[in-house]
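Okay, structure first, notes after.
The values are calculated or read from the model by the stated rules, or taken from the named source; none is laboratory data. Everything quoted here is computed from the prediction, not taken from an experiment. A quick note on method: Cβ atoms are made from the backbone with ideal geometry, for glycine too, and the neighbour counts reach across all protein chains shown. Protein only, heavy atoms only, side chains kept; ligands, DNA and RNA dropped before computing areas. Shrake-Rupley method; radii C 1.70, N 1.55, O 1.52, S 1.80 Å.
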Amino acid sequence: MSKKLQAVRGMRDVLPPDARRFAHVERIAHDVLLGYGYELLQLPLLESTELFARGVGEATDIVEKEMYTLADRDGDSLSLRPEGTASCVRALQEHGLLFNQTQKVFYSGPMFRYERPQRGRYRQFSQVGAEVFGFSGPDVDAELIVLLAECWERLGLTGHVRLELNTLGAGDARRAYREALVAYLTPLEGQLDPDSQRRLQTNPMRILDSKNRDTQALLADAPVLQNFVDAASLEHFETLCGMLDAAGVAYTVNPNLVRGLDYYTHTVFEWITDDLGAQGTICGGGRYDGLVAQLGGKPTPGAGFGMGVDRVALLHETVHQREFGRSADLYICLHDTDLFATAMGLNKRLRNAFNDFKVRVNMGGGALGKQLKKANASGARWALILGEQEVRDGVLALKDLQTGEQVTLPEAAVIEHIRAH
Ligand code: HAM
């Protein structure tokens, strides 16, 4: 017998009504970004593997072990994008859009990482990402954070998310700190957890992120990153904190927040929820002032974020379970299938009369009782019952499926009645 066909592990089908919730999250994020003057950009899903090796960093988990890499028919090594920032820099650079100008852009869509799948962590997941180029001041960092706070507010998630911030300093500070950390941890190597032992050679700053208790205990006396950060960077960070205070955005400074990608300098931040268990980071970002030059461009400051749409949608479901339950607001029942054209005309006029109003017309005939059952199952609040006599008299029978009350009214009065309830 042939094997049952099913989705590839970690590649998720988002079914109704979850996909509608997912689209709602994307739509709100797009609206907010467009409102702040960011321009939408579309980027390819496949890029040269080298872009991510040079952009994200050879020694990062993403490049070391999480990329979907394939050889195309010419033998070139390509990878499905694991993130959007490197592609975005590549694209703007390639089209001459970074030279002597500023840019505020955003993109949206799937990313691919070969991680161990669990709730909130998938091998194909979606991000809405924003990137800003050509501004070196903390006002841009503040704007990115404030507009995210506005996204959470519009989604009804404020109070379920918190913000953590840190500064990594300029590239020199990172390098000096890295050396000091390696010098401190090398004699203790045998006591570190296996992951941290490996990272000691490849990406030692990620050890600060370790969840292992013994490793965390060893880190208690480790050199502190803040002591290596240059004065200008500290001032940048303090100004940012002042701007967030003034904007009323609460945050905590987490000196161990380093993020998993190599390109960050100065500000880094994460939005975290405690409502989703282990996969609680719903958005991460920061500054990457060295990335454009690292990818072959003229030195250009940059900053941005990636919002994990899957996780934000999961959080939205946890907080607002009841929304998105209904697929219709009004269900049209037909005494006779000959009334179909009338029903379709009515459908259009009703949807035009309201904002975001969903109308389903009964399909496939059936007795009125059965049609009303389907109306109830659709989640609709209202049923409109169309009969020859009513159509002749220019009226409609409108049933409130919550109360069972039924009224017979002309079309304009039906609209008023719905509006009033
Ligand atoms: P990142 O922290 O790797 O940053 O990813 C951003 C967000 O994508 C995470 O906070 C999380 O919500 C979501 N995410 C990551 N991996 C998965 C996964 N396997 N399953 C579900 N969701 C996931 C970046 O990608 C940077 N490019 C962000 C950035 C833009 N920094 C500056 N500009």
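Restricting attention to region 248-266, does a residue exist that is assigned to a strand (DSSP E or B), closer than 26 Å to Gly109 by Cβ and not polar (S, T, N, Q)? Looking through region 248-266, none of the residues is assigned to a strand (DSSP E or B), closer than 26 Å to Gly109 by Cβ and not polar (S, T, N, Q).
Assessment of region 21-42 against the conditions (open to solvent by 70 Å² or more (accessible area, probe 1.4 Å), in a loop (DSSP other than H, G, I, E, B) and modelled with pLDDT of 95 or more) yields at least one matching residue. Listed conditions (1) at pLDDT below 95; (2) of a type outside the set (S, T, N, Q); (3) surrounded by fewer than 18 Cβ atoms within 10 Å (Cβ to Cβ); (4) within 12 Å of the ligand (Cβ to nearest atom) are all met by Glu64, apart from (4). Taking strands (runs of 3 or more DSSP E) as the structural unit, those lying wholly within region 301-405 and holding at least 1 residues that are open to solvent by less than 80 Å² (accessible area, probe 1.4 Å), of a type in the set (Gly, Ala, Ser) and within 16 Å of the ligand (Cβ to nearest atom) correspond to 302-308. The residues on offer are Leu92, Leu46, and the sole one that is more than 27 Å from Val140 (Cβ to Cβ) and among the hydrophobic types (A, V, I, L, M, F, W, C) is Leu46. For region 269-280, the criterion of being among the hydroxyl-bearing types (Ser, Thr, Tyr) and assigned to a loop (DSSP other than H, G, I, E, B) is met by at least one residue. Checking Gly129, Gly134, Gly156, Gly96 one by one, the residue that is within 13 Å of the ligand (Cβ to nearest atom) and small (Gly, Ala, Ser) is Gly129 and no other. Residues in region 272-283 that are open to solvent by 10 Å² or more (accessible area, probe 1.4 Å) and either near the ligand (Cβ under 9 Å from one of its atoms) or aliphatic (A, V, I, L, M) (or both): Ile272, Leu276, Ala278, Gln279, Thr281. Being aliphatic (A, V, I, L, M), within 9 Å of the ligand (Cβ to nearest atom) and open to solvent by less than 40 Å² (accessible area, probe 1.4 Å) is a property that Leu144 has. When you check Lys348 against the structure, is it over 26 Å from the mean Cα position of the chain (by Cα) and touching a residue at least 40 places away in the same chain (Cβ under 8 Å), yes or no? No: the conditions fail for Lys348.
Check region 103-123 and report whether any residue there is more than 11 Å from the ligand (Cβ to nearest atom) and under 28 Å from Gln201 (Cβ atoms). No, because not a single residue in region 103-123 is more than 11 Å from the ligand (Cβ to nearest atom) and under 28 Å from Gln201 (Cβ atoms).
In region 3-10 there is at least one residue matching the filter, namely being under 20 Å from the mean Cα position of the chain (by Cα), over 27 Å from Ala303 (Cβ atoms) and within 13 Å of the ligand (Cβ to nearest atom). All but one of (1) assigned to a loop (DSSP other than H, G, I, E, B); (2) modelled with pLDDT of 95 or more; (3) not aromatic (Phe, Trp, Tyr) hold for Ile418; which doesn't? Result: Ile418 fails condition (1) only. Residues in region 237-251 that are within 19 Å of Gly171 (Cα to Cα) and out of contact with any Ser or Thr (no Cβ under 7 Å at 6 or more places or on another chain): Glu238 only. Taken across region 154-163, residues that are buried (at least 18 other Cβ atoms within 10 Å of the Cβ) and among the polar types (S, T, N, Q) do not occur at all.
Of everything in region 233-262 that is of a type outside the set (D, E, K, R), at pLDDT below 95 and within 23 Å of the chain's Cα centre (by Cα), the residue that is most open to solvent (accessible area, probe 1.4 Å) is Asn254.
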